[in-house]
Amino acid sequence: MTENNADDRSLEALLEYLKQSRGFDFTGYKRASLKRRIRKQMQSCNIENFSDYLDYLEVHPEEYLPLFNTILINVTAFFRDKKAWNYLERQTIPHILREKSENSPIRIWSAGCASGEEAYTLAMILAKTLGVEKFRDLVKIYATDIDEEALTEARHATYSIKDVQPIPEEMREEPSQ
């Protein structure tokens with residue numbers, strides 16, 4: 001058996017363990033990227049192979065958070081993927097609103113929200129579509145992420161001037177009360 005095959009099998013065993021023990025399924029991730037990210041975290045523990053790292057995880061549950069923070073890179077921005085947001089604004093939201101009664105609550109879950117830019121983008125689009133008052137009365141957006149630090153950033157909603165540049169000018173202005 002070659003070292004690469006044993007390494008691949010050990011990686012797959014580790015990924016299966018993460019799926020079974022923590023409910024995280026990384027099967028859709030590119031193996032080269034996963035290997036690189038997991039190895040980066042393994043180095044911080046002075047561990048050289050996936051098999052030993054799996055053993056380490058079984059004994060040190062506090063290691064899951066740093067591992068997941070290494071694997072799950074937070075890539076986020078306001079209005080990231082403009083075409084998708086345009087489609088959502090012009091097609092999806094109007095369809096949802098047509099299907100709901102006038103004053104029905106609207107609940108949305110932003111899973112994997114990182115530091116919140118996508119959740120806030122959605123809020124801006126809905127406030128623009130519904131009007132600020134109706135938005136405040138009807139809409140609840142739940143934003144979650146495995147990364148507690150990113151969630152703390154999202155809760156604070158403090159962004160740099162560079163971060164807010166993609167937001168259309170009219171949406172950057174405070175709504176009149």
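If only one of T158, T144 is touching a Leu at 6+ places or on another chain (Cβ under 8 Å) and either at pLDDT below 95 or among the basic types (K, R) (or both), which one is it? Spell out the reasoning first.
Working: T158 fails: touching a Leu at 6+ places or on another chain (Cβ under 8 Å).
Residue meeting the stated conditions: T144.
Quickly run through region 19-41 and pick out the residues that are within 17 Å of A6 (Cα to Cα) and free of Cβ contacts under 8 Å to residues at least 12 places away in the same chain.
A32, R36, R39
Meeting the requirement of 3 or more residues that are touching a strand residue (DSSP E or B) at 6+ places or on another chain (Cβ under 7 Å), the helices (runs of 4 or more DSSP H) wholly within region 80-177 are 117-130. Taking the listed residues E12, E48, E62, the one that is loosely packed, with under 13 Cβ neighbours inside 10 Å, of a type in the set (D, E) and more than 23 Å from E148 (Cα to Cα) is E48, with no other qualifying. In this entry, A77 passes the filter for residues that are touching a helix residue (DSSP H, G or I) at 6+ places or on another chain (Cβ under 8 Å) and closer than 30 Å to M124 by Cα. Among the residues of region 46-60, none qualifies, meaning not one is within 25 Å of the chain's Cα centre (by Cα), more than 30 Å from V164 (Cβ to Cβ), small (G, A, S) and assigned by TED's automatic domain parsing to the domain that holds S21.
A quick yes/no check of all residues on (1) closer than 20 Å to G28 by Cα; (2) assigned to a helix (DSSP H, G or I); (3) modelled with pLDDT of 95 or more; (4) of a type in the set (S, T, Y):
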residue: Q43; (1), (2), (3), (4): no, yes, yes, no
residue: E48; (1), (2), (3), (4): no, no, no, no
residue: Y53; (1), (2), (3), (4): no, yes, yes, yes
residue: Y56; (1), (2), (3), (4): no, yes, yes, yes
residue: Y64; (1), (2), (3), (4): yes, yes, no, yes
residue: L67; (1), (2), (3), (4): yes, yes, no, no
residue: T70; (1), (2), (3), (4): yes, yes, no, yes
residue: I73; (1), (2), (3), (4): yes, no, no, no
residue: T76; (1), (2), (3), (4): yes, no, no, yes
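The values are calculated or read from the model by the stated rules, or taken from the named source; none is laboratory data. Everything quoted here is computed from the prediction, not taken from an experiment. Cβ: placed from backbone, ideal geometry, glycine included. Neighbour counts: every protein chain shown.
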